[in-house]
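Coordinate-derived values only; no laboratory data. On a predicted model such as this, the values are computed, not experimentally measured, just so you know. Note: ideal-geometry Cβ built from the backbone for every residue, glycine included; neighbour counts use all protein chains shown.
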Amino acid sequence: MPLNIHAPSLGIGAAIAAISILGAFFVLGFNVSENDSPSAKIKLADNTEQAKESDSTKIEMSLFSAKATALLGSQDATVTLVEFGDYQCFYCNRFFHNTESDIVKNYVDTGKVKIIFKDFTIIGQDSLNAAHASHCANEKGKFWEYHDTLYNHWTGENNGWASSDNLLEFAKQVGLDETAFSECMSDSRYNSIIEQSNSDARTLGITGTPAFFVIGSDNTITRISGAQPYEVFEKIFELKLKK
């Protein structure tokens with residue numbers, strides 16, 4: 001049966017084949033001085049991460065950290081990877097299965113990089129339901145286990161795999177209390193937080209998922225669009241870790 005793939009995720013994912021691993025892609029360079037913090041100046045940058053001379057726009061650094069869920073990795077890691085994702089997204093799932101585990105093994109588990117996940121629920125109602133369920137899991141310290149379970153049970157977009165019954169079953173699989181989880185889901189307590197995260201994504205100019213921002217110790221930030229291969233992330237991490 002053919003998959004029903006949402007246009008924003010399809011558009012970004014389809015661009016992967018035309019992008020060189022060595023960096024023939026566009027990034028956003030965010031440079032923050034002591035006088036600028038906690039805001040950053042956005043400038044379009046080329047693949048060498050050198051910002052071009054252009055008009056810049058102030059933007060709050062909290063857009064990358066507020067309304068997020070649990071941190072993965074050491075708080076002391078000098079590089080931060082921020083992902084904006086939708087649990088129904090085909091290319092988010094591809095990133096999870098093809099790239100994320102290598103990032104975790106080589107950079108997160110070694111204390112070099114920490115990961116923040118933020119919601120950008122753009123595909124359908126089940127996107128919101130799955131995101132809300134992950135926040136309910138986060139209440140009990142099970143966000144990343146639930147996050148992984150969602151992606152491991154993905155079967156397509158808008159086909160019902162993220163139904164209420166399935167989300168409850170996933171909660172039981174990661175050891176969450178069924179009653180507490182159901183109460184959290186029924187009162188929609190995280191809908192506002194998810195919408196604020198969606199607003200942050202739109203403010204940053206994101207139009208599809210997944211979208212990533214790599215923040216270095218000097219607060220320079222590189223944007224990566226789409227489910228790029230591991231080598232793209234590796235190259236940028238190594239550049240950030242040298243600074």
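Estimated at 0.36 nm per residue, the fully extended path between residue 125 and residue 231 surpasses their Cα-Cα distance by 34.8 nm. When each of 78, 149, 209 is scored by the number of other beta-carbon atoms lying within 10 Å, the sequence from fewest to most is 78, 149, 209.
Charging the Cβ of each Asp and Glu at -1 and of each Lys and Arg at +1, and nothing else, the dipole of region 149-219 about its Cα centre rounds to 180 debye.
Charging the Cβ of each Asp and Glu at -1 and of each Lys and Arg at +1, and nothing else, the dipole of region 91-156 about its Cα centre rounds to 180 debye. For region 171-243, GluC sites (Glu not before Pro) are listed when DSSP marks them as loop and at most 13 other Cβ atoms sit within 10 Å of their Cβ; the list is empty. Applying 1/(1 + (r/R0)^6) with r as the Cβ-Cβ distance of residue 199 and residue 76 and R0 = 22 angstrom yields a FRET efficiency of 0.15.
Shown for 140, 118, 172: other C-beta atoms within 10 Å of each C-beta, ranked fewest to most, produce the order 172, 140, 118. Across region 98-180, the relative contact order, built from alpha-carbon pairs under 8 Å that are at least six residues apart, equals 25 percent. Any chance you could check the Cα centroid distance between region 127-160 and region 193-227 for me, in angstrom? A separation of 19 Å, based on Cα centres. Along its three principal directions, the equivalent ellipsoid of region 158-215 from the Cα gyration tensor extends over semi-axes of 28, 14, 12 Å, largest first. Positive contributions from Lys and Arg (+1) and negative ones from Asp and Glu (-1), summed over other residues with Cβ under 12 Å from the Cβ of residue 93, come out at -3.
Based on Cα contacts under 8 Å between residues 6+ apart, region 132-243 shows a relative contact order of 20 percent. Cross-link pairs exceeding 19 Å in C-alpha to C-alpha distance, out of 118/142; 118/240; 112/140, comprise 118/240; 112/140. Taking the square roots of five times each eigenvalue of the Cα gyration tensor of region 86-232, the equivalent ellipsoid has semi-axes of 25, 17, 15 Å, listed largest first. When the Cα positions of 192, 215, 147 are compared along the charge dipole of region 116-243, 215 comes out farthest toward the positive end, with charges on each C-beta of Lys, Arg, Asp and Glu. Here the calculated FRET efficiency for residue 164 and residue 62, from their Cβ-Cβ distance with R0 = 35 Å, stands at 0.65, rounded to the nearest 0.05. Given R₀ = 30 Å, what would the calculated FRET efficiency be for residue 187 paired with residue 238, taking r from the Cβ atoms and rounding to 0.05? In this case the efficiency is close to 0.10.
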